[in-house]
Amino acid sequence: MSSQRGMIIVLEGLDRVGKTTQAQKLVQSLRNQGKNTELIRFPDRSTMTGNLINQYLSGQTKLNDHVIHLLFTANRWEKFDQMIEMIKAGTTLVIDRYSYSGVAYTSAKGLDFDWCCSPEKGLIKPDCVLFLTTDINESCKREDFGQEIYDRKEFQKSVHQAYEKLIDKTYWNIIDTTNKTIDDVHDEILKAIHVRSTNISKNISYLW
Ligand code: DGP
């Protein structure tokens, strides 16, 4: 067991904003700094709930909005025990989407905000959320946009508004990626994490 717990870093943002690229680069940089680091992506499409989520997102299966919300949440709960073990062992977790996606995407459909938050209660609270933003007109033009059911410009605008309700500056950093290179954004992320890492509590906290 490591004497210091691992840091929990979440990347959030609209579709095609560059989260996955940045999450992968971040993992590499932290590993290069000698930190034991693992990348986790939600939804994890490899599990049973993930398989259903994948069918829903690709339009093969229709599901009630409450049901799909709970499936996304269950997909996160499935990883809970493993995440606790990794953090306690000193492994830093870089997480590509988390509960904030859950609340933002479902409440953007018009479901009650507090109802959306409630099944997330008790999940691990990250030390830092990096909220990547960009000009929606640009992200909607990017490769692969339009392939899944949430890839609609008007819906993405509603999701952005819902994210704004979740911003908590005590642990969120807003990273505007507009007109910035991948490396510029990466540097900004590293700086933000460096600042946050000086202020990590010994104990794990939980949502909400
Ligand atoms: P990604 O694999 O990161 O491209 O995510 C797939 C899509 O699923 C994307 O449009 C965002 C959406 N999404 C991710 N997490 C959740 C969630 O917990 N709830 C809902 N409703 N949508 C989510």
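The values are calculated or read from the model by the stated rules, or taken from the named source; none is laboratory data. The structure presented is a predicted model; accordingly, all values stated were derived computationally and were not measured. Cβ atoms come from the backbone with ideal geometry, glycine included; neighbour counts cover every protein chain shown. Ligands, DNA and RNA are excluded from the accessible area calculation, which covers all protein heavy atoms including side chains. Shrake-Rupley method; radii C 1.70, N 1.55, O 1.52, S 1.80 Å.
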ask   = Under 5 Å between amide H atoms, partner at least 5 residues away or on a different chain: which partners does GLU148 have, H built in plane at 1.01 Å?
value = none
query = Working out 0.36 nm times the residue gap between THR178 and HIS194, then minus their Cα-Cα distance, what length gain in nm do you get to one decimal?
reply = 3.5 nm
query = So what's the back-of-envelope 222 nm ellipticity for the chain, counting only DSSP H runs of four-plus at -39500 (n - 2.57) apiece and dividing by all residues, rounded to 500?
reply = -13500 deg cm²/dmol
remark   = With the 1.4 Å probe rolled over protein heavy atoms, the chain has an accessible area per residue in Å² of 51 Å²
Loop-located GluC sites (Glu not before Pro) in segment 120-208, at most 14 other Cβ atoms within 10 Å (DSSP) = GLU143, GLU148
key: Accessible-area ranking of ARG16, ARG76, ARG97, largest first, probe 1.4 Å   = ARG16, ARG97, ARG76
note = In whole angstrom, largest first, the equivalent ellipsoid semi-axes that the Cα gyration tensor gives for the chain are 26, 21, 16
query = Which whole-Hz ³J(HN,Hα) couplings does segment 147-153 yield from phi under the Karplus relation 6.51 cos²θ - 1.76 cosθ + 1.60, θ = phi - 60°, glycine and proline marked x?
reply = 7, 10, 5, 8, 7, 10, 4
remark   = Carbon and sulfur atoms account, in whole percent of the 1.4 Å probe accessible area of the chain, for 47 percent
key: Considering only the chain, percent of DSSP beta bridges that pair antiparallel, nearest 5   = 5 percent
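Relative contact order for the chain: what percent, with Cα pairs under 8 Å and sequence separation of 6 or more?
32 percent
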request  = Would you please give the residues with an amide H less than 5 Å from that of ILE175, counting only those at least 5 places away or on a separate chain, with H modeled from the backbone geometry?
outcome  = PHE131, LEU132, THR133
For segment 115-182: rounded, prolate or oblate by the Cα gyration tensor [a/c cutoff 1.5] = oblate
